[in-house]
Amino acid sequence: MTHLFRLMAPLLTFVAAVALAQTPRFETMPTEGTRWFKGNTHTHTLESDGDSPPDTVISWYKRHGYDFLVISDHNVFVSPARFSHFVDSSFLLIAGEELTTAFGKKPVHINGLNIPGVIQTIKDTTLLGTVQKNVDAVREVEGVPHINNPNFGGAISAEILAQVQNDKLIEIFNGHPLVNNVGGGDSPGMEEVWDMLLTRGKRIYGIAVDDAHHFKEEFAPDRSNPGRGWVVVRSRTLAPQEILSRMEAGQFYASTGVVLDDVIVTPTTVEIRIRKKGDFKFTTEFIGDGGKVLLRTGANPAIYTLGGSPTYVRARVMDSNGAVAWVQPTFVIK
Ligand SMILES: [Zn+2]
């Protein structure tokens with residue numbers, strides 16, 4: 001028997017390898033030595049149309065437990081070097097700008113992150129061209145672009161977003177009260193748009209941001225206050241390049257309040273460990289192609305086991321008081 005097994009072993013190994021190669025499985029990424037860093041990539045100050053100077057704004061985020069912040073004023077570069085006294089081992093400022101232009105009446109707002117200085121906006125002869133050229137302008141200086149509030153002014157449809165190249169991040173939640181995050185009538189919400197893009201095979205990740213303008217006076221739903229949407233990035237270091245390259249690889253979740261302790265992806269499972277909070281209840285939906293809910297569960301950890309033939313699986317974790325965390329899509333290798 002032992003002799004027979006010895007003869008058969010190489011064959012069995014080969015058969016197992018072929019079977020593994022043909023079995024759909026999730027892409028996985030190494031996570032050793034990483035931890036989670038909370039940040040906001042879209043904020044305004046008095047240097048454009050915010051109501052407070054950068055010091056006040058930076059101080060608000062630092063006091064409220066953020067690890068990094070991007071000041072993204074409209075067509076203005078606010079150099080982090082001016083505010084280096086805020087930066088330490090637990091707080092990082094990443095340079096940014098909101099490239100703010102329009103095509104006709106349609107606003108085109110593209111953030112440039114980790115850029116060396118102000119970038120001039122570009123207008124093109126089409127809406128798509130205008131979006132693309134501003135994305136390209138950010139890439140040209142080795143910055144990282146993200147497309148802001150696509151539903152603001154009904155400006156940038158899924159059809160346009162599907163054709164934009166070299167952008168990996170879009171806002172699916174923006175804390176400004178006038179940006180139509182959830183859609184309505186005949187217009188899709190940003191999560192639906194995101195699924196349309198993913199279903200078409202685009203590798204694009206959904207971020208949540210504040211787009212805060214108002215740090216003074218009342219904090220109210222119709223004002224543009226901070227603390228409404230953020231990202232939490234898995235990284236080894238709190239350094240601009242690693243934080244942003246991990247965001248562009250989907251190594252983060254977006255949130256309006258739900259905190260995750262971990263997201264563990266194996267070749268066959270996605271496991272989400274949700275931070276408990278008082279008597280809050282949590283519901284997790286794992287979502288695949290076409291926005292289809294593949295599994296809805298109240299379990300914590302929430303675990304999805306790969307089945308059927310999705311091309312991607314993402315998740316939305318909702319708490320019983322309305323906050324959400326969006327776990328980035330994991331893609332399936334077939
Ligand atoms: Zn803005």
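Return the residues of the stretch 195-210 that are in a helix (DSSP H, G or I) and on the phi > 0 side of the Ramachandran plot; say none if nothing qualifies.
Those that are in a helix (DSSP H, G or I) and on the phi > 0 side of the Ramachandran plot: none in the stretch 195-210.
Filtering the stretch 112-121 down to residues that are away from the ligand (no atom under 16 Å from the Cβ) and surrounded by fewer than 18 Cβ atoms within 10 Å (Cβ to Cβ), which residue is nearest to ALA102 (Cα to Cα)?
GLN120
In the set VAL179, VAL131, VAL135, VAL141, which member is out of contact with any strand residue (DSSP E or B) (no Cβ under 6 Å at 6 or more places or on another chain), in the same structural domain as ASP73 (by TED's automatic domain parsing) and crowded, with 18+ Cβ neighbours inside 10 Å? Working first, answer last.
On the way: VAL131 fails: out of contact with any strand residue (DSSP E or B) (no Cβ under 6 Å at 6 or more places or on another chain); VAL135 fails: out of contact with any strand residue (DSSP E or B) (no Cβ under 6 Å at 6 or more places or on another chain); VAL141 fails: crowded, with 18+ Cβ neighbours inside 10 Å.
Exactly one of VAL179, VAL131, VAL135, VAL141 is out of contact with any strand residue (DSSP E or B) (no Cβ under 6 Å at 6 or more places or on another chain), in the same structural domain as ASP73 (by TED's automatic domain parsing) and crowded, with 18+ Cβ neighbours inside 10 Å, namely VAL179.
Between a residue in the stretch 34-57 that is touching a residue at least 24 places away in the same chain (Cβ under 8 Å) and within 15 Å of the ligand (Cβ to nearest atom) and any residue that is assigned to a helix (DSSP H, G or I) and among the polar types (S, T, N, Q), which pairs come within a Cβ distance under 8 Å, given they are 6 or more apart or on different chains?
Short answer, once both residue conditions are applied: THR45/THR56.
Conditions first: (1) more than 27 Å from ALA220 (Cβ to Cβ); (2) out of contact with any Leu (no Cβ under 7 Å at 6 or more places or on another chain); (3) at pLDDT 90 or above; (4) not aliphatic (A, V, I, L, M). GLU171 passes all but one, so which condition is the exception?
So the condition that GLU171 fails would be (1).
Pick from the stretch 88-108 the residues that are among the hydroxyl-bearing types (Ser, Thr, Tyr) and more than 16 Å from the ligand (Cβ to nearest atom): which of them is surrounded by the most Cβ atoms within 10 Å (Cβ to Cβ)? Give the steps one after another, and end with the answer.
Step one: list which residues in the stretch 88-108 are among the hydroxyl-bearing types (Ser, Thr, Tyr), which gives 89-90, 100-101.
Those left that are additionally more than 16 Å from the ligand (Cβ to nearest atom): 89-90.
Numbers: SER89: 6, SER90: 12.
In this case the residue turns out to be SER90.
The values are calculated or read from the model by the stated rules, or taken from the named source; none is laboratory data. The structure displayed is predicted, hence computed values, not measured ones. As a convention, Cβ positions derive from the backbone with ideal geometry for all residues, glycine included, and neighbour counts pool all protein chains shown.
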